[in-house]
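**Q** I am attaching a structure below and will ask some questions about it afterwards.
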Amino acid sequence: MVTTPQWIMIGGDGPESYYQHSSNQRALLEAAKEKMNEAISAKLSLNLISDRFSVADFGCASGPNTFLAVQNIIDAVEDKYRKETGQNPLENIEFQVLFNDSTTNDFNTLFQTLPPGRRYYSAGVPGSFFGRVLPKHSFHVGVISYAFHFTSKTPKGITDRDSPLWNRDMHCTGFNEAVKRAYLNQYSADTKNLLDARAEELVPGGLMLLLGSGLRDGVKMSETVKGMVMDFMGASLSDLAQQGVVEQDKVDSFSTPLYFAEEGELRQIIKENGKFTIEAFEDIIHPYGEFPLDPKILAVSFRASCGAFLSAHFGAYAMRKAFELVEVKAREEFSKIQNAKPGMQYLIVLRKI
């Protein structure tokens, strides 16, 4: 069995929560809606649309973006059915939505905030998406939104001071080739497991929609805004170690189970897996860019998505102090942020062979 990373978003709907600070991820879903509609219209066989249609979101978090993702899919399926049959989908199709995330996810907030006017039945599916979580042929369209950059664990040796692969940075910056290769190997193995599992659970001819953030070919993580903020996080933890707030050994052995793959790497991994065809690989652009270039918003957004993981290692007080320093460093290095190389936001449409 693979190991699920203890990575969850800050739960609830309070001022620090992912629920309140996930507008960047929502903007990607909104910008990708038309492309999602086109993909379902062109690539989903009408024969798969019967009286029961199942949608699954893997890595759903605590909302609210998962609701937008699954509603986009349902709207597109209904539109296709209406246009191609002339019938009313509300009378002929019942939709089921399966919300999956790790066992530590805040499912309470998720289900307490389900849209009141939803046109689907819902169920929670706890468990690691790196392995099977559903019976065979359980769903027709699946989505993974802003969760396709996780690994099941940090690569072996990355957090070991005595290893030649020891990484002083808290993430894969892209500048150390050996470290990058170790992360890519781990990511490739985990993504193979993920795709193998989805291929078992998806009906033949069904679709997987992958939305997320990656890198353009040849661009290093630390040359992008998201990489720079991760660097600020690492530097802030080192500052706290010097102040005696956290232990230096803990900082030195801390690394994140994340790998933001380049486009070419993603294509190669999917091709080598052999369970899906790539039906579309879209570069999604929206007015705000990948991140709003505002130091406070950057610090708050990354705290919502990374804060719980940092708290688990260093405690809530240290986490909050670290992100206060992240905002300071982002202000000090703002010209560098403004000149960062662009990242990549994508919609990948896969069809099960």
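**Q** Taking 0.36 nm per intervening residue step and subtracting the Cα-Cα distance, what contour gain separates residue 175 from residue 341 on full extension?
**A** Length difference between fully extended and current span is 58.3 nm.
**Q** Here is a follow-up. Based solely on its DSSP helices, what 222 nm [θ] is calculated for the chain when runs of n ≥ 4 H residues each add -39,500 (n - 2.57) and the sum is averaged over all residues, nearest 500 deg cm²/dmol?
**A** Result for the chain, helices only: -14000 deg cm²/dmol.
**Q** Right, here's the next one. Given an 8 Å cut-off on Cα distances and at least 6 residues of separation, report the relative contact order of the range 23-352 as a percent.
**A** Relative contact order of the range 23-352: 21 percent.
**Q** A further question follows. Under the rule a/c < 1.5 gives rounded, and otherwise a/b versus b/c splits prolate from oblate, where does the range 249-335 land using the Cα gyration tensor?
**A** Oblate is the answer for the range 249-335, as a/c is 1.5 or above yet b/c matches or exceeds a/b.
**Q** In nm, what is the difference between 0.36 nm times the number of residues separating residue 334 and residue 272 and their Cα-Cα distance?
**A** Length gained, residue 334 through residue 272: 18.3 nm.
**Q** Here's a follow-up. Looking at the chain, what % of its DSSP beta bridges pair antiparallel, to the nearest 5?
**A** Rounded to the nearest five, the antiparallel share is 40 percent.
**Q** Let me ask another. For the range 202-256, what ratio Rg/Rh do Cα atoms give with a Kirkwood hydrodynamic radius?
**A** On the Cα set of the range 202-256, Rg over Rh gives 1.26.
**Q** Sticking with this one: Which of the chymotrypsin sites (Phe, Trp or Tyr not before Pro) found in the range 283-315 are in a DSSP loop and have at most 14 neighbouring Cβ atoms, other than their own, within 10 Å?
**A** For chymotrypsin sites (Phe, Trp or Tyr not before Pro) across the range 283-315 that sit outside H, G, I, E and B with at most 14 neighbouring Cβ atoms in 10 Å, the list reads 288.
**Q** Within the chain, which DSSP H helices have Cα atoms that stretch 18 Å or more along the helix axis and a mean Kyte-Doolittle hydropathy of at least -1.0?
**A** Counting only whole DSSP H runs, the qualifying helices are 23-43, 65-85, 177-201, 225-242, 295-314, 316-332.
**Q** Give, rounded to the nearest 20 debye, the magnitude of the charge dipole that the chain has about its Cα centre when Lys and Arg contribute +1 at Cβ and Asp and Glu contribute -1 at Cβ.
**A** 380
**Q** Let me ask another. Count the net charge of all other residues whose Cβ sits under 12 Å from the Cβ of residue 352, scoring Lys and Arg as +1 and Asp and Glu as -1.
**A** Here the count lands on +1.
**Q** Another question about this same structure. In a GNM of the chain with a 10 Å cut-off on Cα contacts, which of 241, 42, 280 has the highest mean-square fluctuation?
**A** Of 241, 42, 280, the Gaussian network model singles out 42 as fluctuating most.
**Q** What is the spin-label model distance, in nm, from residue 111 to residue 249 if the labels are put 7 Å beyond Cα along the C-beta direction?
**A** 4.2
**Q** Sticking with this one: Please report the Cα spread of the chain along all three principal axes, rounded to whole Å, starting with the longest.
**A** For the chain, the Cα spread along each principal axis is 67, 41, 38 Å.
**Q** While we're on this one: Mean shadow of the range 63-120, computed from the convex hull of its alpha carbons, in nm²?
**A** Value for the range 63-120: 4.3 nm².
**Q** In nm, to one decimal, how far is the residue 79 label point from the residue 121 one, both placed 7 Å along Cα→Cβ?
**A** 2.7
**Q** Using the alpha carbon gyration tensor of the range 101-181, what are the three equivalent-ellipsoid semi-axes (square root of 5 times each eigenvalue), largest first, in whole Å?
**A** 37, 15, 12
**Q** Charges only on Cβ, +1 for Lys and Arg, -1 for Asp and Glu: so what's the dipole of the range 184-227 about the Cα centre, in debye to the nearest 20?
**A** My answer is approximately 220 debye.
**Q** For every other residue with a beta carbon closer than 11 angstrom to the beta carbon of residue 206, add +1 if it is Lys or Arg and -1 if Asp or Glu, then tell me the sum.
**A** Around residue 206, the charge tally is +3.
Values quoted throughout were computed directly from the atomic coordinates according to the rules given, and no laboratory measurement underlies them. Model, not experiment: these values are computed from the prediction. FYI the Cβ positions are ideal-geometry reconstructions off the backbone, even for glycines, and counts take in every protein chain you see.
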